[in-house]
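*Asks:* Have a look at the structure that comes next, please.
The values are calculated or read from the model by the stated rules, or taken from the named source; none is laboratory data. Computed from a prediction, not measured in an experiment: that's the story for all the values here. Positions of Cβ are generated from backbone atoms using ideal geometry, with glycine treated the same way; all protein chains shown enter the neighbour counts. For accessibility, only protein heavy atoms count, side chains too; no ligands or nucleic acids. Shrake-Rupley method; radii C 1.70, N 1.55, O 1.52, S 1.80 Å.
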Amino acid sequence: MNSEMREIYQQIILSHNKNPKNFRVIEDPSHFAEGHNPLCGDSFDVYLQVAEDNTISDISFQGSGCAISKSAASMMTEVLKGKSVEEAEGLFEESQNLVTGKRKPEKESN
């Protein structure tokens, strides 16, 4: 990754860490999940409101952690809001495969 791209990624992470999107509690969510990483201490709760048409009408999170995990949670809420549950599950599977090495990232073209 070139230095220009690295700087853009750092700016995005810092921006989402300082001003996270959807950093709040949804009262009476239709779905709720807790996440805690015992290795580093990051701990987040995720709140979802799934509409009758099976789309994510609202999503939020609360908790504490490093800049990368907080930024990732912020970006996740932005991406998933408005998606169908099936689309969200597909994105989860794709991300999990990338992280676990089952899917290789696309090569950078020059």
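*Asks:* I'd like the full set of residues that are touching a strand residue (DSSP E or B) at 6+ places or on another chain (Cβ under 8 Å) and among the hydroxyl-bearing types (Ser, Thr, Tyr), limited to the stretch 1-53.
*Replies:* Passing the criteria: Ser30, Ser43, Tyr47.
*Asks:* Any idea how many residues of the stretch 59-71 are aliphatic (A, V, I, L, M) and at pLDDT below 95?
*Replies:* 2
*Asks:* Something else now. Take the residues in the stretch 1-36 that are over 14 Å from the mean Cα position of the chain (by Cα) and of a type in the set (Gly, Ala, Ser), then tell me which one is most open to solvent (accessible area, probe 1.4 Å).
*Replies:* Going through the qualifying residues, I end up with Ser3.
*Asks:* If you don't mind, another one. Which of the residues spanning the stretch 5-42 are among the small types (Gly, Ala, Ser) and over 22 Å from Ala88 (Cβ atoms)?
*Replies:* Ser15, Gly41
*Asks:* Can you name the condition, by its number, that Leu39 falls short on among (1) surrounded by 15 or more Cβ atoms within 10 Å (Cβ to Cβ); (2) over 16 Å from the mean Cα position of the chain (by Cα); (3) among the hydrophobic types (A, V, I, L, M, F, W, C)?
*Replies:* Leu39 satisfies all of (1) surrounded by 15 or more Cβ atoms within 10 Å (Cβ to Cβ); (2) over 16 Å from the mean Cα position of the chain (by Cα); (3) among the hydrophobic types (A, V, I, L, M, F, W, C) except (1).
*Asks:* Within the stretch 42-59, how many residues are within 15 Å of the chain's Cα centre (by Cα) and of a type in the set (S, T, N, Q)?
*Replies:* Residues that pass the stated criteria total 1.
*Asks:* If I filter the stretch 50-71 down to residues being open to solvent by 60 Å² or more (accessible area, probe 1.4 Å) and assigned to a strand (DSSP E or B), which single residue comes out as nearest to Glu89 (Cα to Cα)?
*Replies:* Among them, the one singled out is Ser57.
*Asks:* So in the stretch 82-92, with the set limited to residues that are surrounded by 12 or more Cβ atoms within 10 Å (Cβ to Cβ) and within 15 Å of the chain's Cα centre (by Cα), which one is farthest from Ile59 (Cα to Cα)?
*Replies:* Filtering first and then ranking leaves Gly90.
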